[in-house]
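For reference, the structure discussed in these notes is given below.
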Amino acid sequence: MNNQVIIVKDYEEMSCLAYEYFKEQLKNNPKTVWGLATGSTPVGLYKKLCDSENLDFSNCTSFNLDEYEGLKQDDIQSYCYFMNENLFSKINIHTDKCFLPLGCAEDLDKECLKYDNMINLVGGIDFQVLGIGTNGHIGFNEPSESFSEGTHVVDLTDQTIKDNGAKYFNNNMELVPKRALSMGTLQIAKAKKIIILASGKNKALAVASAINGPVTPNVPASILQTCKDVIWIIDEAAASMLKI
Ligand code: F6R
């Protein structure tokens, strides 16, 4: 078991430490299958990876957690676009080995199955990077009555629509897609190693509930208590409600 909670000063320190774990993983396994997140949390980490000159991602594969329904890959609001802008186009990973669920697929259920098969074919995720939603979600797995399994179509909660609308859609909630494709909670928990990052006071309740509270699908991130190798890297503001 290697479950740790590391509290750092701020977003910058969180990103630096996450970067160190990333580098270490790449050194130990140049063929790492990465599980990647979007959102504001990993941007600092991705920037450091892009600025680093001697990292070789040419033998790596990556799978992102989620994608909005209905958006084409070149839509500037899509997670595919986000990943290309923030990481893939700036490191030497082969983009044909970088996967996200296809939000504009004609048959979404088929797309979800296909995505899971691809992840299984490469032997699963070696190293998963996660952020956490203010409601405790990981990927787009919203609080619910049971833990989701594989990749599936999700109805986003009002809270998530509001959070994402404020951050990325100029507060125009009409424009925020209301559904998404997301890897499942139990699938995420199968990654061989997980780092989960959180920064800011608005994450404090979700972080405390996930770490100190019971394991419950009402707080999807609480599933991480059952995993073998998880490192929480959280800044002081996000840790402010934590009981250690
Ligand atoms: C995005 C994802 C989400 C985000 C979470 C936090 O791929 O999986 O779970 O990590 O919504 O978002 P930010 O980082 O924008 O606060």
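The values are calculated or read from the model by the stated rules, or taken from the named source; none is laboratory data. Nothing here was measured: the structure is a model prediction, and the numbers come from that model. Neighbour counts run over all protein chains shown; Cβ positions are idealised from the backbone, glycine included.
Show me the strands (runs of 3 or more DSSP E) entirely contained within region 40-145 in which 3 or more residues are at positive phi.
Values: elements: 61-64, 66-68, 127-130.
Strands (runs of 3 or more DSSP E) meeting the threshold: none at all.
Evaluate the following for V215: is it away from the ligand (no atom under 12 Å from the Cβ), over 27 Å from D107 (Cβ atoms) and not in a loop (DSSP other than H, G, I, E, B)? The answer is no for V215.
Yes or no, residue by residue, for (1) of a type in the set (A, V, I, L, M, F, W, C); (2) in a helix (DSSP H, G or I); (3) within 18 Å of the chain's Cα centre (by Cα):
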position	(1), (2), (3)
V153	yes, no, yes
N171	no, no, no
N202	no, yes, yes
S222	no, yes, yes
I233	yes, no, yes
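When each of C98, C50, C80, C60 is tested for being modelled with pLDDT of 95 or more, over 20 Å from S199 (Cα atoms) and touching a Pro at 6+ places or on another chain (Cβ under 8 Å), the lone residue that passes is C60. Residues of region 1-18 being within 16 Å of the ligand (Cβ to nearest atom) and not hydrophobic (A, V, I, L, M, F, W, C), which ones? Passing the criteria: D10, Y11, E12, S15. The C-beta contact set for region 129-141 (first residue farther than 18 Å from A18 by Cβ, second residue near the ligand (Cβ under 6 Å from one of its atoms) and at pLDDT 95 or above, distance under 8 angstrom, 6+ apart or interchain) comprises F140/L65; F140/D66.
When N54, N29, N120, N92 are checked against the criterion of being within 21 Å of I233 (Cβ to Cβ) and either touching a Phe, Trp or Tyr at 6+ places or on another chain (Cβ under 9 Å) or away from the ligand (no atom under 16 Å from the Cβ) (or both), N29 stands alone in meeting it. S89: closer than 24 Å to S15 by Cα and surrounded by 14 or more Cβ atoms within 10 Å (Cβ to Cβ), yes or no? Answer is no for this residue.
Restricting attention to region 43-62, the residues that are surrounded by fewer than 23 Cβ atoms within 10 Å (Cβ to Cβ) and in contact (Cβ under 8 Å) with a residue 40 or more places away in the chain total 4.
Just for region 142-185: of the residues that are closer than 24 Å to L224 by Cβ and among the aliphatic types (A, V, I, L, M), which one is farthest from the ligand (Cβ to nearest atom)? Among those residues, the one meeting the criterion is V153. Say whether the condition of being closer than 29 Å to L17 by Cα and free of Cβ contacts under 8 Å to residues at least 24 places away in the same chain is met by at least one residue in region 92-107. There is at least one residue in region 92-107 that is closer than 29 Å to L17 by Cα and free of Cβ contacts under 8 Å to residues at least 24 places away in the same chain.
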